[in-house]
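Contents: one structure, followed by commentary.
The values are calculated or read from the model by the stated rules, or taken from the named source; none is laboratory data. Quick caveat, the model's predicted, so the values are computed rather than measured. Here Cβ is always computed from backbone atoms with ideal geometry, including for glycine, and neighbour counts include all displayed protein chains. Side chains are part of the model used for accessible areas, which takes the heavy atoms of the whole protein and leaves out ligands, DNA and RNA. Shrake-Rupley method; radii C 1.70, N 1.55, O 1.52, S 1.80 Å.
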Amino acid sequence: MARASVPSHAGRRFAGRGRSRARRALATAAAAALLWWVLAGSAALLEPLALLAIILAAVASLLLPAGRPLPLRPGALPGLLGFFLRSSFLGGLDVARRALDPRLPIQPDFLTYRTELAHGPPLTLFMAVVSLLPGTLSVRLEGRLLTLHVLDRDADTRAALIALEQRIRKAFHDPRDRRASDDGAAP
Amino acid sequence: MIANALTVILILAGLVFFAAGTAGLLRFPDVYSRLHALTKADNVGLGLVILGLMFQAGGPADILKLLLIWVLVLAAGTTAAHMVAQRTWTHGEFESDR
């Protein structure tokens with residue numbers, strides 16, 4: 001992606017941008033075909049309506065302006081996914097145990113947490129995942145100050161939040177990092 | 001045979017989580033605590049049911065479809081929980097809770 005914007009020659013830059021748009025259209029068409037296959041089966045892929053929808057999706061991605069690229073680091077994704085699956089399962093187990101316990105062992109409280117994550121996808125993901133971690137629910141975000149509801153005020157929620165924030169930070173390129181180092185350092 | 005047994009076990013386990021989520025919805029004292037029960041328990045319950053159904057899938061397309069359902073419900077559930085919590089924070093508890 002970064003190579004497309006190297007300002008070496010005006011004509012070449014345009015060609016590079018065209019190539020990246022073509023690649024994006026191709027990826028959109030592939031994603032649309034995959035979705036159609038998943039939803040309707042392989043026989044339905046060859047129907048005229050399916051082909052029309054796939055082509056229209058590709059054309060739409062050519063005509064519409066490109067969104068901001070998602071600054072994901074693919075290498076960190078399996079770790080984040082494993083962490084998420086494990087802790088969301090523990091979250092369900094924890095709340096199920098509390099709900100079924102005759103003594104109803106909950107001590108609800110509110111808690112504030114200041115996050116350092118950049119606004120946009122990383123912070124959205126953080127708030128979404130917080131609601132699925134054991135005992136935490138994201139309530140409100142004011143600037144970088146997150147208000148949480150916790151089921152057990154004695155649990156060490158802060159440590160879990162810090163662990164999650166570090167994992168999410170590793171999974172995204174921080175735009176502030178890129179601005180600082182300009183180019184080259186980021187893989 | 002083994003696939004069928006796994007399906008039954010996983011779906012039964014999933015139903016336990018759904019039941020626990022509903023128990024929490026009824027027993028927990030306020031809106032926020034109830035949201036905990038709904039989002040987290042139902043997420044695991046649905047995950048187990050979907051994992052059980054994957055053993056009955058006719059092909060990779062079916063497995064991907066089940067996975068897509070789980071991911072979409074997960075995203076909708078956590079977003080809805082946050083929105084209900086935020087609305088409750090700014091506009092106060094619902095009358096029926098008092």
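Numerical summary
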read-out: Filtered residues of the range A:37-67 (kept if touching a residue at least 40 places away in the same chain (Cβ under 8 Å) and not in a helix (DSSP H, G or I)); value: A:Ala66
read-out: Subset of the range B:41-50 [more than 7 Å from chain A (Cβ to nearest Cβ) and of a type in the set (Val, Ile, Thr)]; value: B:Val49, B:Ile50
read-out: Residue satisfying condition, being within 28 Å of B:Lys40 (Cβ to Cβ), hydroxyl-bearing (Ser, Thr, Tyr) and in contact with a strand residue (DSSP E or B) (Cβ under 6 Å, 6 or more places away or on another chain), within set A:Thr124, A:Thr147; value: A:Thr147
read-out: Number of the exception - B:Ala3 against (1) open to solvent by 50 Å² or more (accessible area, probe 1.4 Å); (2) more than 10 Å from chain A (Cβ to nearest Cβ); (3) more than 20 Å from the chain's Cα centre (by Cα); value: (1)
read-out: Scope the range B:1-47; condition among the aromatic types (Phe, Trp, Tyr) and in contact (Cβ under 8 Å) with a residue 24 or more places away in the chain; matching residues; value: B:Phe17, B:Phe18, B:Tyr32
read-out: The listed residue being open to solvent by 60 Å² or more (accessible area, probe 1.4 Å), more than 10 Å from chain A (Cβ to nearest Cβ) and part of a helix (DSSP H, G or I), out of B:Leu67, B:Leu38, B:Leu26, B:Leu53; value: B:Leu53
read-out: Selection status of A:Gly92, open to solvent by less than 40 Å² (accessible area, probe 1.4 Å) and facing chain B (nearest Cβ under 8 Å); value: yes
read-out: Subset of the range A:98-124 [open to solvent by 30 Å² or more (accessible area, probe 1.4 Å) and closer than 12 Å to A:Leu151 by Cα]; value: A:Leu104, A:Pro105, A:Gln107, A:Pro108, A:Asp109, A:Phe110, A:Leu111
read-out: Flag for B:Gln86 being more than 10 Å from chain A (Cβ to nearest Cβ) and among the polar types (S, T, N, Q); value: no
read-out: Residue tally, condition closer than 20 Å to B:Gly21 by Cα and of a type in the set (Val, Ile, Thr), over the range A:90-123; value: 2
read-out: Unmet requirement for B:Ala61, which otherwise passes all of (1) open to solvent by less than 20 Å² (accessible area, probe 1.4 Å); (2) closer than 23 Å to A:Leu81 by Cβ; (3) more than 10 Å from chain A (Cβ to nearest Cβ); value: (3)
read-out: Exclusive hit being out of contact with any helix residue (DSSP H, G or I) (no Cβ under 6 Å at 6 or more places or on another chain) and within 18 Å of A:Gly82 (Cα to Cα), set A:Ala155, A:Ala128, A:Ala171, A:Ala163; value: A:Ala163
read-out: From A:Leu39, A:Leu63, A:Leu46, A:Leu52, residue being within 14 Å of chain B (Cβ to nearest Cβ) and open to solvent by 40 Å² or more (accessible area, probe 1.4 Å); value: A:Leu39
